[in-house]
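Taking it in order: structure first as structure tokens, then the write-up.
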Amino acid sequence: VHIKSLVAGLYHPDRFSAHPTLRTILLAPHEPDPELKVVLNHYSLRKHLQFLKGSSCSRSDLIRVKADEADVIIILPTQGEKDYEVAAKILSISRFAPCVRIIVQVNHELTRINLNTWMVC
């Protein structure tokens, strides 16, 4: 899933009108690329969509983004990121905010099956 597609889906008029206070924070270890900057600066999304540089494996970054107050956290792996690296992010978030729903994209079906066996709140 490309981040632009995810944002377009989250803020599609058919869905967004039902949740006008929806606020999304994108947390990544790098600065946003030019394409994402365009999305972040879109006039209708400025107050709803925020980008923060940081790591989901850092407790201080999870505190800064108020991860424990989220309804849902979505993890999208970067290109070339291994599933075990994604699993480390899941563990970090679930330890910090044990009852927050985590949606994750993984690259291998076996990883998905193994994650489903222990993700319980």
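When you look at L40, is it touching a residue at least 60 places away in the same chain (Cβ under 8 Å) and of a type in the set (A, V, I, L, M), yes or no? No. Looking across segment 3-13, the residues that are out of contact with any helix residue (DSSP H, G or I) (no Cβ under 9 Å at 6 or more places or on another chain) and either in a loop (DSSP other than H, G, I, E, B) or surrounded by 11 or more Cβ atoms within 10 Å (Cβ to Cβ) (or both) come down to L6, Y11, H12. What is the number of the single condition among (1) in a helix (DSSP H, G or I); (2) modelled with pLDDT of 85 or more; (3) loosely packed, with under 13 Cβ neighbours inside 10 Å that I113 does not meet? Looking at each condition in turn, I113 falls short on (2). Contact map, segment 93-104: first residue touching a residue at least 12 places away in the same chain (Cβ under 8 Å), second residue polar (S, T, N, Q), Cβ cut-off under 8 Å, separation 6 or more or different chains; pairs are I93/S56; V100/S94; I102/S94.
For segment 14-54, taking the residues that are assigned to a helix (DSSP H, G or I) and modelled with pLDDT of 80 or more, the one that is most open to solvent (accessible area, probe 1.4 Å) is identified as D14.
Taking residues in segment 53-67 that are in contact (Cβ under 8 Å) with a residue 12 or more places away in the chain and closer than 11 Å to K89 by Cα, and partners anywhere that are open to solvent by 30 Å² or more (accessible area, probe 1.4 Å) and assigned to a loop (DSSP other than H, G, I, E, B), the pairs with Cβ atoms closer than 8 Å and at least 6 places apart or on different chains are S55/P29. Against the numbered list (1) touching a Leu at 6+ places or on another chain (Cβ under 9 Å); (2) of a type in the set (F, W, Y); (3) more than 30 Å from P13 (Cβ to Cβ), F51 comes up short only at (3). Here the condition is being modelled with pLDDT under 90 and surrounded by 14 or more Cβ atoms within 10 Å (Cβ to Cβ); of I93, I74, it holds for I74 alone. Selection of segment 55-84 for residues being within 21 Å of Q105 (Cα to Cα), part of a helix (DSSP H, G or I) and small (G, A, S) yields only A67.
The values are calculated or read from the model by the stated rules, or taken from the named source; none is laboratory data. Quick caveat, the model's predicted, so the values are computed rather than measured. Methodologically, a virtual Cβ is constructed for each residue, glycine included, from the backbone with ideal geometry; neighbour enumeration extends over all protein chains shown. Protein only, heavy atoms only, side chains kept; ligands, DNA and RNA dropped before computing areas. Shrake-Rupley method; radii C 1.70, N 1.55, O 1.52, S 1.80 Å.
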